[in-house]
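The values are calculated or read from the model by the stated rules, or taken from the named source; none is laboratory data. These numbers were taken from a predicted model, which means no experiment stands behind them. All Cβ positions, even for glycine, are placed from backbone atoms using ideal geometry, and neighbour counts span all protein chains on display.
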Amino acid sequence: MEISRKNKVVEFFKNYWMYVSVGVTILIIAIVVGVVAGSQNALQTGNTNLEFALPMNNATIIKDYSSTELQENPTLNQWEAHLSIDFTSENSDVFAVLDGTVSSVSYDILNGNVVEITHENGFVSRYCSLAENPDVKEGDKVVAGQKIGSASSTATGEIDLGEHLHFTLYLNDSPVDPNNYLDLQNK
């Protein structure tokens with residue numbers, strides 16, 4: 001009896017091997033897509049309990065975030081992804097968007113004076129093209145809405161934009177679109 005049972009199983013797989021393979025393949029693809037989609041959603045949305053402040057008051061966006069469409073950088077005479085938002089305002093004050101710790105204060109030729117703040121839940125905010133002598137130093141604790149410096153034209157990589165803030169937001173070491181976190185409708 002056992003032999004005939006094995007033969008029935010073997011016969012089943014001989015007759016329906018293609019259906020079984022397609023079914024297993026579809027199941028594997030569905031699992032992979034579910035895992036990838038779940039991790040991307042967590043990366044994009046982050047923790048909705050955090051309340052982000054705006055980096056400038058009464059600001060205008062002069063160059064928006066774009067990871068898919070290239071934007072012209074007239075200063076460098078090239079087309080590039082712009083993984084930041086460039087703000088300008090009549091009042092040049094720049095503010096921390098979340099509570100955190102100043103992880104670095106530095107200068108580089110393309111970005112000018114830069115303040116980087118580490119926040120909870122994997123967020124890091126980066127403020128470029130600040131005026132000399134920012135209001136904070138490495139290791140300082142800051143709160144959302146606290147002034148950290150002033151926008152200027154120290155970022156020679158975007159000197160054609162004039163005085164502005166080049167703002168980048170990272171989540172888990174990857175740049176994310178600040179539009180998804182900042183309430184820019186009420187700027």
Options 90, 163, 80, 158: the member that is farther than 27 Å from residue 50 by Cα, buried (at least 22 other Cβ atoms within 10 Å of the Cβ) and either modelled with pLDDT of 95 or more or among the acidic types (Asp, Glu) (or both): 158
Extreme residue, surrounded by the fewest Cβ atoms within 10 Å (Cβ to Cβ), among residues of the stretch 100-144 that are of a type in the set (Asp, Glu) and closer than 16 Å to residue 167 by Cα: 108
Residue count for the stretch 91-110, restricted to those that are among the polar types (S, T, N, Q) and not in a loop (DSSP other than H, G, I, E, B): 4
Within the stretch 127-172, tally of residues that are touching a residue at least 60 places away in the same chain (Cβ under 8 Å) and either within 20 Å of the chain's Cα centre (by Cα) or not in a strand (DSSP E or B) (or both): 19
